[in-house]
Amino acid sequence: MISVTLIWTRVDQKLIHGQVSAAWVPYLGVDAIVVSDYDSAGDAWAQKVMTMGLPPEIRRTVFCPPDKLPEIIGRDDLQGCRVMLLFKNLEDALKAVAAGLRLKRLNLGNQACRSPERDLRLADSFYASRRDLEALARFQKDGLEVIVQSVPGGKAVKWSFSE
């Protein structure tokens with residue numbers, strides 16, 4: 001039985017961009033990307049812009065909302081693929097897990113827009129809100145490993161929430 005190999009799951013507000021296509025794709029050896037985001041799932045223009053700079057080894061790019069992700073990951077056109085999964089934010093990752101997606105590890109890549117709501121700095125390139133911290137605590141409680149790392153050559157730091 002052929003199946004999907006979920007290689008890397010990343011939270012990155014920019015979804016597909018230079019760090020993903022030029023650094024993570026070759027480093028991880030992925031050949032498919034699944035973007036799980038409500039906005040881009042229904043926006044053909046955004047999809048076209050994001051996929052324009054992808055390297056030729058990416059055979060498939062799929063856009064879907066987080067609540068549909070468990071059924072999308074099992075699709076025939078992704079069978080045998082090494083998949084990188086991208087979320088725009090932690091809330092969407094939490095929705096996908098609530099819908100039945102099983103994850104072992106989550107990479108916090110970029111959430112660099114500091115705002116009054118998102119004012120907690122977890123790393124140089126990752127700001128979180130109180131709701132984000134609640135999601136991270138939930139992931140940790142469920143046994144999900146959370147790694148903060150923006151690029152493959154950067155330092156990987158395991159995130160841990162202590163009460």
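Readers should treat all values here as calculations from the given coordinates under stated rules, not as data from a laboratory. Since the model is a prediction, treat every value here as computed from it, not as a measurement. No Cβ is skipped: glycine too gets one built from the backbone with ideal geometry, and neighbour counts run over all protein chains shown.
Using only side-chain charges placed at the Cβ, +1 for Lys and Arg and -1 for Asp and Glu, the dipole size of region 5-159 relative to its Cα centre rounds to 360 debye. Here each label is just a point 7 Å from Cα along the line to Cβ, and for Val151 and Glu71 those points are 4.0 nm apart. Volume per residue of the convex hull around the Cα atoms, evaluated for the chain, comes out as 114 Å³.
Based on DSSP H segments of at least four residues, each scored -39500 (n - 2.57), the chain has a per-residue ellipticity at 222 nm of -6500 deg cm²/dmol. Using only the C-alpha atoms, the convex hull of region 25-114 corresponds to 116 Å³ per residue. Each of Met52, Met84 has some number of other Cβ atoms within 10 Å of its Cβ, and from fewest to most they run Met52, Met84. When the chain is described by a simple charge dipole with +1 on each Lys and Arg Cβ and -1 on each Asp and Glu Cβ, the residue from Trp159, Gln13, Ala44 located farthest towards its positive end is Trp159. Computed extension length for Lys14-Thr61: 15.4 nm, one decimal, from 0.36 nm per residue of separation with the Cα-Cα distance subtracted.
What distance in nm separates the two pseudo spin-label positions at Arg102 and Lys48, each 7 Å out from Cα along the beta-carbon direction? Roughly 4.0 nm, to one decimal.
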